[in-house]
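The values are calculated or read from the model by the stated rules, or taken from the named source; none is laboratory data. What you see is a predicted model, and the numbers here were worked out from it, not measured in a lab. Neighbour counts run over all protein chains shown; Cβ positions are idealised from the backbone, glycine included. Protein only, heavy atoms only, side chains kept; ligands, DNA and RNA dropped before computing areas. Shrake-Rupley method; radii C 1.70, N 1.55, O 1.52, S 1.80 Å.
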Amino acid sequence: MKKRIFALLSAAALLVPCLASLAACGGNDSILLRVYNWEEYIDEGGEGSYEYDYEVNEDGSAPSLVEDFEVWYEETYGTPVTVEYSTFGTNEDMYNQLKLGYTYDLLCPSEYMIMKLAAEDMLEPYSEDFFDESNELNYYVNNVSPFIKEKFDSNTMAVGSGEARWSEYAAGYMWGTTGLVYNPEYITEEQLELGWALMLDESVKGKVTTKDNVRDSYFVGLAILFEEELLDLKARHEAGELSDQDYTAQVTDYMNRTDEETVAKVQQILLDMKENLFGFETDTGKHDMVTGTIWLNFAWSGDAVYAMDVAEDAEDGEGAVTLNYYMPEESANLWFDGWVIPKDEKRTEETKHAAEAFVNFLSAPENAVRNSYYIGYTSVIAGDEMFDYMADTYSAEDGDETATDYDLSYFFGEGDYVISAPAEQLERQLYAQYPPEEEMLRCAVMDYYGENDERINELWTQIKGETLDAWAIGVICAAVVLIAVGVLYMKLGPKTDFFRHRPKKGYKKISSVPVSYQKSVSYTHLRAHETRRHL
């Protein structure tokens with residue numbers, strides 16, 4: 001009997017690795033994929049989803065892209081996957097979650113946060129298979145814009161103690177620029193010629209806003225500080241003295257200076273600018289432009305498109321407003337959000353494969369169109385489907401005598417990628433989503449500040465802290481004290497110990513006065529999703 005039991009146990013033991021092998025190959029074990037993305041930064045399905053050919057939910061609604069991915073992955077690879085999808089509001093929120101020990105398989109930070117994570121050796125590279133262009137399921141490498149690909153391949157960043165190209169550790173998702181949304185009813189062409197310095201001009205006092213974060217505001221300050229140098233570079237490039245590459249590189253150098261002297265000068269510029277502002281904002285600028293509360297707003301391109309759409313689509317045309325977008329001649333910020341894989345020793349190869357497949361699924365042109373339609377930002381994905389979508393959106397109507405050719409071949413690649421667009425689109429939504437190639441040359445990507453991060457943050461503390469003059473603070477403090485004393489007098493009465501003379505020497509008076517103080521800072525991110533961007 002014992003021999004029979006031993007034989008059965010031995011046979012069972014031999015089956016264990018076989019069963020494990022079968023499970024790994026497929027079929028029944030579900031992969032858990034933890035994705036951490038910006039709020040409202042993916043097609044969530046429902047009525048707002050773009051029309052497409054996938055099956056709808058039982059209730060007739062469109063499923064989200066996350067749900068579609070789970071179905072697609074199992075059908076394609078034979079293994080079920082469950083996506084644990086969560087969102088963050090700022091890059092710093094995401095970073096803090098990682099530092100607190102939360103684990104994810106895929107993140108979507110902005111460019112500078114990608115550089116920060118890489119510098120701190122917190123990322124792992126994509127696999128070699130991810131870059132295999134012969135694999136038709138590798139939608140990212142086969143459809144990413146040549147413009148974006150060149151940026152990711154030609155730029156490097158610190159990775160731990162070494163260095164690597166962006167493309168080794170990040171796959172692009174959305175991209176755009178920063179510029180000025182303005183109301184042409186109040187802002188003239190002559191004013192726009194002032195460039196970023198318009199934000200300091202008396203003519204827009206109380207009618208202009210900038211972003212409530214240090215990086216975007218610092219960029220504006222740099223552009224104003226180095227206006228003469230930047231315009232000189234532009235003139236030299238137009239004269240043929242600087243190549244495209246040298247022009248972009250030198251603009252980028254100016255727009256990333258963080259030495260002590262530069263920071264001090266920028267701080268003074270921002271203090272002066274603050275006196276001219278209606279206020280700092282993160283997500284209210286779009287609404288304030290539409291309502292006419294302000295005339296000029298520093299904006300991310302995706303938010304600019306949103307504001308222009310809403311302004312012109314006022315119900316029955318009542319209250320409709322025309323807004324435009326402008327990138328000043330000195331420079332503009334080129335930003336992007338991208339997918340990265342944080343290090344995790346416990347992650348299996350199957351999970352990493354699912355993470356890379358998620359990026360590829362979102363990069364299929366039809367899915368990139370869905371995302372762009374839903375969230376309002378510009379995808380890094382090119383392809384005929386994306387171009388056709390943009391052409392359908394922006395092409396001029398037959399007979400439009402203002403129609404002009406708008407060449408997008410720099411972004412979509414070789415081929416006939418020209419949109420015949422209304423003349424107004426040369427300074428509106430199409431311009432905001434895909435600026436002309438020559439204007440992209442003066443766009444600079446902002447680096448991670450690294451060892452100068454503390455210096456920049458101190459600048460922001462000074463800018464946001466000096467909201468009242470010293471005399472005003474003194475008056476307010478005195479008023480608060482008088483009010484507090486008055487309230488206590490009324491509540492406790494004149495005969496209480498609190499309002500009598502101090503006790504004689506040798507006596508100890510015991511009192512308890514509850515004090516509460518709360519300081520809070522509210523951030524909302526972008527996006528469009530808005531609230532794009534990028535702190």
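Criterion first (within 23 Å of Glu437 (Cβ to Cβ), open to solvent by less than 10 Å² (accessible area, probe 1.4 Å) and in a strand (DSSP E or B)) does Thr177 satisfy it? Taking the combined requirement at face value, the residue satisfies it.
Could you tell me which residue of region 98-135 is most open to solvent (accessible area, probe 1.4 Å), considering only residues that are acidic (Asp, Glu) and not in a helix (DSSP H, G or I)?
At the first step, the residues of region 98-135 found to be acidic (Asp, Glu) are 105, 111, 120-121, 124, 128-129, 132-133.
From the residues that got through so far, the ones that are not in a helix (DSSP H, G or I) too are 105, 120-121, 124, 132-133.
On the way: Asp105: 1, Glu120: 64, Asp121: 72, Glu124: 38, Asp132: 64, Glu133: 113 Å².
Applying the filter and picking the extreme gives Glu133.
Of all residues in region 425-442, count the ones that are in a helix (DSSP H, G or I) and surrounded by 15 or more Cβ atoms within 10 Å (Cβ to Cβ). Selection size over region 425-442: 8. Of all the listed residues (Asn138, Asn213), the sole one being more than 29 Å from Asp344 (Cα to Cα), of a type outside the set (Asp, Glu) and open to solvent by less than 40 Å² (accessible area, probe 1.4 Å) is Asn213.
Name the one entry in Glu190, Glu163, Glu150 that is more than 24 Å from Leu123 (Cβ to Cβ) and loosely packed, with under 15 Cβ neighbours inside 10 Å. Steps first, answer last, please.
Details: Glu163 fails: more than 24 Å from Leu123 (Cβ to Cβ); Glu150 fails: more than 24 Å from Leu123 (Cβ to Cβ).
Of Glu190, Glu163, Glu150, the one residue that is more than 24 Å from Leu123 (Cβ to Cβ) and loosely packed, with under 15 Cβ neighbours inside 10 Å is Glu190.
All conditions but one from (1) more than 26 Å from Pro63 (Cα to Cα); (2) crowded, with 16+ Cβ neighbours inside 10 Å; (3) basic (Lys, Arg) apply to Arg370; the one that does not is (1). Of the residues contained in region 260-283, one or more are found to be among the acidic types (Asp, Glu), closer than 30 Å to Thr322 by Cβ, surrounded by 16 or more Cβ atoms within 10 Å (Cβ to Cβ) and modelled with pLDDT under 95. Give Val445, Val380, Val418, Val369 a once-over and let me know the one that is without any contact (Cβ under 8 Å) to a residue 24 or more places away in the chain and in contact with a helix residue (DSSP H, G or I) (Cβ under 8 Å, 6 or more places away or on another chain). Answer to the check: Val418.
Give the residues of region 154-174 that are assigned to a strand (DSSP E or B) and of a type in the set (Gly, Ala, Ser), sorted by residue number.
So the first thing to find is which residues in region 154-174 are assigned to a strand (DSSP E or B), and the list is 156-159, 162-165, 171-174.
Ala158, Gly162, Ala164, Ala171, Gly172, listed by residue number.
Glu84 meets the conditions (1) at pLDDT 55 or above; (2) charged (D, E, K, R); (3) surrounded by fewer than 11 Cβ atoms within 10 Å (Cβ to Cβ) in every case but one. The failed one is (3). If I ask for residues that are open to solvent by less than 20 Å² (accessible area, probe 1.4 Å) and either closer than 16 Å to Leu233 by Cβ or over 21 Å from the mean Cα position of the chain (by Cα) (or both), which ones from region 443-453 would you list? The answer is Cys443, Ala444. The set of residues in region 372-404 that are under 19 Å from Gly338 (Cβ atoms) and assigned to a loop (DSSP other than H, G, I, E, B) comprises Gly376, Tyr377, Val380, Ala382, Gly383. Annotation: of all residues in region 69-81 being assigned to a helix (DSSP H, G or I) and touching a residue at least 40 places away in the same chain (Cβ under 8 Å), the one that is surrounded by the fewest Cβ atoms within 10 Å (Cβ to Cβ) is Thr76.
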